[in-house]
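So the structure is just underneath, and the comments pick up after that.
The values are calculated or read from the model by the stated rules, or taken from the named source; none is laboratory data. What you see is a predicted model, and the numbers here were worked out from it, not measured in a lab. Please note: Cβ atoms are built from the backbone with ideal geometry, for glycine as well, and neighbour counts cover all protein chains shown.
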Amino acid sequence: MSEGRAEPVWFGPSEAPLFGLLNMPEGPVRAAVVLCPPLGREYTNSYSTFAELAARLALNGLAVLRFDYRSTGDSFDRVGASEDGPGFVRDVSLAVELVRSLGASRLALVGMRIGGNFARQYCTSEPVDALVLWDPCPNGRTFLREQRLLALLASVDGASPDALDLPGLELTAEMAEEIGAVDRTTDSRGSGGNLAGDVLLLTRLGREDGPSATFDLGRAQHMEVPGQPELLDVQSPDQVVPSEGIETVATWLDKVMPRDALPVSLPAAGEVTVVSSQSSRFGGGPDGEPVAVRERAVRLGPLGLFGIETEPAVIAGSGPTCVFFSVANEHRIGPGRLWVGLSRSLAGAGLRSVRVDVNGFGDSPSRDGQGLPPVHSVLAIDDVLESARAVSPDDPGNVVLFGLCSSGYQILEAALSLSPQGVCPLNPALVFEPPEMASRGRMDARRRFCLPESGLVNAASEKQPIQWVKRRFPKLLSSVRRDLRIVGWRLRSAVGLLQNRPGERIQELAESGTDVLLICGPSEIKPFIETGLRAERTGRPGTRLKVEVLPSLQHSLLSRSDRDEVAKMIIDHVRSQFQSRGEATEPDMAGRGHRGRAGHPQRG
């Protein structure tokens, strides 16, 4: 282990284990730190921030565990009602128990937004050595109100009979009630001084309605830090890692935590087997029964791209490996954890899956070593190719590729040279200005689906009147830009100047033998139609192209209804096209004995 490479661990109840990543210092361990993340879009926006914070704290001799609460991230879903206290706070307790079991007798908690509230509530009964509350919510009810407002602004459905649907977050009625009760009764009369030996409260610059005005933290040190609006109050991929906030937390913990070494041991290698039915609405076994799912972390290719491998504990025959790629600058779980649910449900069809972070994002290293690459970097196409070679070394084409938006585009580009068994792009982003054009003045030759934005449209958008319209009527300008692009494509196509024709390319890909399931909303299908996609050819004998246009599909699949509809299409299609029909076989203790498997990637 090293500060730069987080190692996976599963812990907690066997029927619903939590997933975590542990950064260990190279030298002696002074103490342990548990990072308690936010929820929903704030969780995905802050993922890279927590990864950088963990690496930074490890440099100071601190062992750092970051984890996903049950029913979030890569953790498994809760099973039934909680019998041992509120679930989110119980998950913090399970994380603390893990690091304590490794020998860390000194402990600090760091929580951001509602994660800070969970950490604080844990400390009211189990004080720790140090506590950092980073931009916490005034209380749980305030958090839920904010999330409901975001759902309305994003046109997310909101509530259903059994769940609360929020942007990037699904809560059962029990979970929502639990969050609403956080800090409801602990106000200025609470025992804030008993939370920890040292407490740091970090709030946004100039915020007067925050937690410092809601409850008393006793001897807490209060500081204001910049960067939270740029991190949390923006849509992906526009979030910015708050370097100053990270440095503030690291410096403060370095100061307050003791420096003598502790005898901390390392956890066992990360792997877990769970009999799980948590993705039942996506489908379980052949008759809907629970499926025994095994998960482990993997490192893929020469670069060591990080992924989570999911497979059934009992493999039925052989089939291609389904590979899901991270979206934009987020990590591997997909929109609203769609990739997680699909991976575990496809195990019911006997199929193995891997969820992959593209380079520079999530827990994968950067190819150029320069930090976060552009979302549309051409290097992500190499990530798709290397992942296929790693998960199926004897036959890299024995894969089915899945991606949304930027990764939907990247899997199409890679498929032209890889010839995979299948490809499923969801709302692929084809229209963008390739980053390399700013330095080279031309588009990379590997881009055959990309439609660069018209120079005329870009130039017009910089004019002062256009900027005025953009500020006041962003949707109108977006519609005008889209219409201008379509006119531009038609004109350039008519005179033979359009370099790429993705509509024709995707038909060629299907006719070459790759099964293609293209799922789009009305706007996202237009670039294909305007560049040669012919509807009459999508169901034509001899082609393997299926196009689904969903009239109300949102681009980012923020709502549960969108994800459920897309998931059903994918599972039905994959089962009909790729479900293995072989004889069941039990794997041995080393994970071998699978019929028709070419090999495993290197395990993390």
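Quick notes on this one:
- Residue in the stretch 428-451 that is modelled with pLDDT of 85 or more, touching a Gly at 6+ places or on another chain (Cβ under 9 Å), of a type outside the set (Phe, Trp, Tyr) and surrounded by fewer than 16 Cβ atoms within 10 Å (Cβ to Cβ) present: no
- Counting only residues that are crowded, with 24+ Cβ neighbours inside 10 Å and either of a type outside the set (Asp, Glu) or in the same structural domain as Thr49 (by TED's automatic domain parsing) (or both), the stretch 298-311 holds 6 of them.
- Only one of Gly397, Gly369, Gly362 that is in the same structural domain as Val516 (by TED's automatic domain parsing) and within 22 Å of Val566 (Cβ to Cβ): Gly362
- In the stretch 249-299, the qualifying residues are those that are of a type in the set (S, T, N, Q), out of contact with any Lys or Arg (no Cβ under 9 Å at 6 or more places or on another chain) and assigned to a loop (DSSP other than H, G, I, E, B), and the one that is modelled with the lowest pLDDT is Ser277.
- Residue list for the stretch 312-330, restricted to those being surrounded by 24 or more Cβ atoms within 10 Å (Cβ to Cβ), under 20 Å from the mean Cα position of the chain (by Cα) and not β-branched (Val, Ile, Thr): Cys322, Phe324, Phe325, Ser326, Glu330
- Candidates Leu53, Leu59, Leu21: the one that is in contact with a strand residue (DSSP E or B) (Cβ under 6 Å, 6 or more places away or on another chain), farther than 16 Å from Val274 by Cα and in the same structural domain as Gln239 (by TED's automatic domain parsing) is Leu21.
- Output for the stretch 226-249, where each listed residue is aliphatic (A, V, I, L, M) and crowded, with 17+ Cβ neighbours inside 10 Å: Leu231, Leu232, Val241, Ile246, Val249
- For the stretch 12-39, a tally of residues being farther than 20 Å from Leu109 by Cα and of a type outside the set (Ser, Thr, Tyr) returns 6.
- Scanning the stretch 354-370 for residues that are polar (S, T, N, Q) and in contact with a Lys or Arg (Cβ under 8 Å, 6 or more places away or on another chain) gives a single hit, Asn359.
- Scanning the stretch 102-121 for residues that are out of contact with any Phe, Trp or Tyr (no Cβ under 9 Å at 6 or more places or on another chain) and either modelled with pLDDT under 95 or not in a helix (DSSP H, G or I) (or both) yields a total of 7.
- If you go through the stretch 49-74 and keep only what is in contact with an Asp or Glu (Cβ under 9 Å, 6 or more places away or on another chain) and in a helix (DSSP H, G or I), you end up with Ala51, Ala54, Ala55, Arg56, Leu57, Ala58, Leu59.
- Among the residues listed as Leu39, Leu35, Leu22, the single one being farther than 22 Å from Gly103 by Cα and not basic (Lys, Arg): Leu39
- Residue in the stretch 376-384 that is in contact with a Gly (Cβ under 9 Å, 6 or more places away or on another chain) and assigned to a loop (DSSP other than H, G, I, E, B) present: yes
- Residues of the stretch 38-48 that turn out to be in a loop (DSSP other than H, G, I, E, B) and within 14 Å of Gln228 (Cα to Cα), as a count: 1
- Residues satisfying the stated conditions in the stretch 374-415, i.e. at pLDDT below 95 and in contact with a Lys or Arg (Cβ under 8 Å, 6 or more places away or on another chain): Val378, Leu379
- No other residue among Glu83, Glu97 is at pLDDT 95 or above and surrounded by fewer than 24 Cβ atoms within 10 Å (Cβ to Cβ) apart from Glu97.
Here is a yes/no grid of residues against (1) of a type in the set (Phe, Trp, Tyr); (2) buried (at least 20 other Cβ atoms within 10 Å of the Cβ); (3) closer than 26 Å to Ser556 by Cβ:
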| position | (1), (2), (3) |
| --- | --- |
| Ile114 | no, yes, yes |
| Asn117 | no, yes, no |
| Gln121 | no, yes, no |
| Leu133 | no, yes, no |
| Pro136 | no, yes, no |
| Leu149 | no, no, yes |
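- Scanning the stretch 398-436 for residues that are hydroxyl-bearing (Ser, Thr, Tyr) and not in a loop (DSSP other than H, G, I, E, B) returns Ser406, Ser407, Tyr409, Ser417.
- Restricting attention to the stretch 409-426, the residues that are more than 18 Å from Thr321 (Cα to Cα) and without any contact (Cβ under 8 Å) to a residue 40 or more places away in the chain total 1.
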